[in-house]
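Coordinate-derived values only; no laboratory data. For clarity, every value in this text was computed on a predicted model and none was experimentally measured. Here the Cβ is made from the backbone with ideal geometry for all residues, glycine too, and neighbour counts use every protein chain on show.
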Amino acid sequence: MAFIRWRGNSAQLLATVYEAGRTRQILLTNFHGAYYAAESLQKAVAARFPSIPIDWQAVNRALAAGPPESQPITTVEWDLAMVEDALRRWAAQASPAEAREANCLRSAAEILTHWRARAEQNRPTRPDQ
């Protein structure tokens, strides 16, 4: 199963694989400061590593929470992350006849992503660190 590791304000998606009786971590992708895994990135990673199961909803929740040294995510930010996820799911489920609506849903999700990222950049670090 894949998991998120933070390096400063950037996240990496890693997985542990077993080879010759030993474990090894492999890097699936870097997010470079992004707080959401775009659908195109999800498809690229899944195509490159088809045998590794990835729970993208869990990945997006981990990205939405931000780095561990940041302040805990607020209820509002968590709600925005859940709305983003729902908007993207609805866009993906839209029929070809609803392409305009799907684009609007994706655009709305992107706006929420940018708002959350901006809030994360302006958030002070924990005082106990």
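Tabulated values for the structure
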read-out: Test: residue in the stretch 32-39 that is free of Cβ contacts under 8 Å to residues at least 12 places away in the same chain and either within 17 Å of Arg116 (Cα to Cα) or of a type outside the set (S, T, N, Q) (or both); value: yes
read-out: Only one of Ala20, Ala64, Ala15 that is at positive phi and without any contact (Cβ under 8 Å) to a residue 60 or more places away in the chain; value: Ala20
read-out: Count of residues meeting criterion [part of a helix (DSSP H, G or I) and either surrounded by 16 or more Cβ atoms within 10 Å (Cβ to Cβ) or aliphatic (A, V, I, L, M) (or both)] in the stretch 79-116; value: 23
read-out: Tally, over the stretch 10-67, of residues that are assigned to a loop (DSSP other than H, G, I, E, B) and exposed (fewer than 12 other Cβ atoms within 10 Å of the Cβ); value: 6
